[in-house]
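Undergrad: Once you've had a glance at the structure underneath, I'll fire off some questions.
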Amino acid sequence: MNASAIKNSTELLPRRPRDKCGIFAVYGHEEAAKLTYFGLYALQHRGQESAGIVTSDGKNVREHKAMGLVPEVFDEEILNKLEGNMALGHVRYSTTGSSALVNAQPFRIQYAGESLSIAHNGNLVNAHIIRADLEKRGSIFQTTMDSEVVLHLMARNLESGLKQAMAKTMAQVQGAYSLVIMTEDTMIAARDPNGFRPLCLGKLGSGYVLASETCALDLVEAEYIRDIAPGEILIINQNGLRSISSGVKSRKSQCIFELIYFARPDSNIFGQNVYVFRKRQGELLADEFPRDVDLVMPFPDSGNYAAIGYAHASKIPLEMGVIRNHYIGRTFIQPSQSMRDFGVKVKLNPVKELLKDKRVLIIEDSIIRGTTARTRIKTLRKIGAREVHMLVSCPPHRFPCHYGIDFSTRGELIASEKSVEKIREFTGLDSLGYLSINNLVKATNIPREDLCLACFNGEYPVDIEEGASKYCLG
Ligand code: SF4
């Protein structure tokens, strides 16, 4: 087979927004590396480019990271070599810095005899400015990741102690970060003052676990204790837990897109269960947009829970009208030009017998570019669906995200240029509706002022520094 005919499946499959990363860390457990492996497995949906684990036994630090999925990166032999009762793990999708092994995390530096490793989820909006300043003062960077800036700032302030070094670092960096830093004997967890990305603490025997989402705690049977608070610095070492405030003030602005799309439905984030939130979105959609149709269906898996909510509230039957192929590998042969819709169809195939001559209502969680929806709707018409309607469980995405979600230019967003009616026309639907921002907020039970809604309303909670972009660091 011609090697050039093999392409990474992400080039062919429908383009969906992608998040930056998942973090999992263990303190005080003799099987720290293996637990971290399972934790990362549970967080694989947050990043599929690379995975890594760094461990420490109090003196020696070991690490392994590579490009690929968690089970591709680690095996039993590798995990056995990662000795120690502390482990820090990371799965990555790049939002700052290119997709390359050098940018895989955890990222580690040795400074004045101290080992510092970082696992970071989010996106700093002023990393390029801080980096330019540090380089002028002699710092040498190894990667193009914004996360490396955090470690350099930490290292420069280490003489005042870890706690102060973290607080001083947080006073300088701006944007979205949930992160964990590990030394030979201490873990430091921190969340930006806005609380954009989730991070929680769990207890496992006499040890502790930190994770991006609670579904990872469930897998290793750790007991959920609490979320790391926005602006909090939590230190875990042989003296137990110590929490301090970074002293940096900002309004809370938790990313609503984590609830809408990124987090796993079996996770609780920002004090909400994700499944319950998405079902509620569907119920509110039914309230806002009653439709006279024969059946409700999602495009799995994205619309599943809102579709359940719509069907529940409207009493219209719910059907799984398209079936998802769960066994798509990371690579497959590139289809020829004449088969260019293959990339979309390989993932979802409609059940003709269910949909022929029916008035169908599709529930989706978002429309980003509109091209995937258009292809799927064309397929439904081809197999004989009489009417095809769509409701989206959030408002139109009109503005890019600068805080760690991968739709960073307006050109990538169909709703930034087209009205709802024009999107309906483009996608070939009989009708199209979007949940209002008021109902979206209502579905959360979180006060509106504590949420980031910038990709819907353009009100960015942290100013964007000029020059910030995915590749602005090299
Ligand atoms: S702009 Fe949108 S995706 Fe980005 S942090 Fe805010 S709510 Fe989340």
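The values are calculated or read from the model by the stated rules, or taken from the named source; none is laboratory data. Because the structure is a prediction, the values reported are computed rather than measured. Note that we place each Cβ from the backbone using ideal geometry, even for glycine, and neighbour counts take in every protein chain shown. Ligands, DNA and RNA are stripped out before the accessible areas are found, and what is left, the full protein with its side chains, is counted by its heavy atoms. Shrake-Rupley method; radii C 1.70, N 1.55, O 1.52, S 1.80 Å.
Undergrad: Within region 144-172, can you find the residues that are over 28 Å from the mean Cα position of the chain (by Cα) and assigned to a loop (DSSP other than H, G, I, E, B)?
TA: Of everything in region 144-172, those that are over 28 Å from the mean Cα position of the chain (by Cα) and assigned to a loop (DSSP other than H, G, I, E, B) turn out to be Asn157, Gly161.
Undergrad: Could you list, in sequence order, the residues of region 81-94 that are open to solvent by 10 Å² or more (accessible area, probe 1.4 Å) and over 23 Å from Tyr208 (Cβ atoms)?
TA: Those that are open to solvent by 10 Å² or more (accessible area, probe 1.4 Å) and over 23 Å from Tyr208 (Cβ atoms): Lys81, Tyr93.
Undergrad: Which residue is modelled with the highest pLDDT, if the candidates are limited to region 233-258 and must be open to solvent by less than 40 Å² (accessible area, probe 1.4 Å), more than 21 Å from His402 (Cα to Cα) and in contact with a Gly (Cβ under 9 Å, 6 or more places away or on another chain)?
TA: Going through the qualifying residues, I end up with Ile236.
Undergrad: Across region 371-409, what is the total count of residues that are near the ligand (Cβ under 10 Å from one of its atoms) and either open to solvent by less than 30 Å² (accessible area, probe 1.4 Å) or β-branched (Val, Ile, Thr) (or both)? Break it down stepwise before answering.
TA: Our first condition is that a residue be near the ligand (Cβ under 10 Å from one of its atoms); within region 371-409, this holds for 394, 397, 399-408.
So of that shortlist, the ones also either open to solvent by less than 30 Å² (accessible area, probe 1.4 Å) or β-branched (Val, Ile, Thr) (or both) come out as 394, 397, 400-401, 403-407.
Residues flagged as near the ligand (Cβ under 10 Å from one of its atoms) and either open to solvent by less than 30 Å² (accessible area, probe 1.4 Å) or β-branched (Val, Ile, Thr) (or both) within region 371-409 amount to 9.
Undergrad: While we're looking at this one, here's another question. Going through region 164-182 one residue at a time, which ones are touching a strand residue (DSSP E or B) at 6+ places or on another chain (Cβ under 6 Å) and either open to solvent by 10 Å² or more (accessible area, probe 1.4 Å) or of a type in the set (Val, Ile, Thr) (or both)?
TA: Pass one, region 164-182, residues touching a strand residue (DSSP E or B) at 6+ places or on another chain (Cβ under 6 Å): 166, 173, 175-182.
Across region 164-182, the qualifying residues are Val173, Val180, Ile181.
Undergrad: If the requirement is being of a type in the set (Lys, Arg) and modelled with pLDDT under 90, which of these qualifies: Arg131, Arg156?
TA: On the way: Arg131 fails: modelled with pLDDT under 90.
Just one listed residue meets the conditions, Arg156.
Undergrad: Let me ask something else. Do you know which of the residues in region 259-289 that are part of a helix (DSSP H, G or I), in contact with a strand residue (DSSP E or B) (Cβ under 8 Å, 6 or more places away or on another chain) and open to solvent by 10 Å² or more (accessible area, probe 1.4 Å) is farthest from the ligand (Cβ to nearest atom)?
TA: Among them, the one singled out is Glu288.
Undergrad: Take region 45-71 and flag every residue that is acidic (Asp, Glu) and at pLDDT below 95.
TA: First pass over region 45-71, keeping only residues acidic (Asp, Glu): 49, 57, 63.
Glu49 - this is the single residue of region 45-71 that is acidic (Asp, Glu) and at pLDDT below 95.
Undergrad: If you go through region 35-68 one residue at a time, how many are more than 23 Å from the chain's Cα centre (by Cα) and either in contact (Cβ under 8 Å) with a residue 60 or more places away in the chain or open to solvent by 10 Å² or more (accessible area, probe 1.4 Å) (or both)? Show your work before the answer.
TA: Filtering region 35-68 for residues more than 23 Å from the chain's Cα centre (by Cα) gives 55-63.
This time we only want the ones that are either in contact (Cβ under 8 Å) with a residue 60 or more places away in the chain or open to solvent by 10 Å² or more (accessible area, probe 1.4 Å) (or both), so: 56-63.
Going through region 35-68 one residue at a time, the tally reaches 8.
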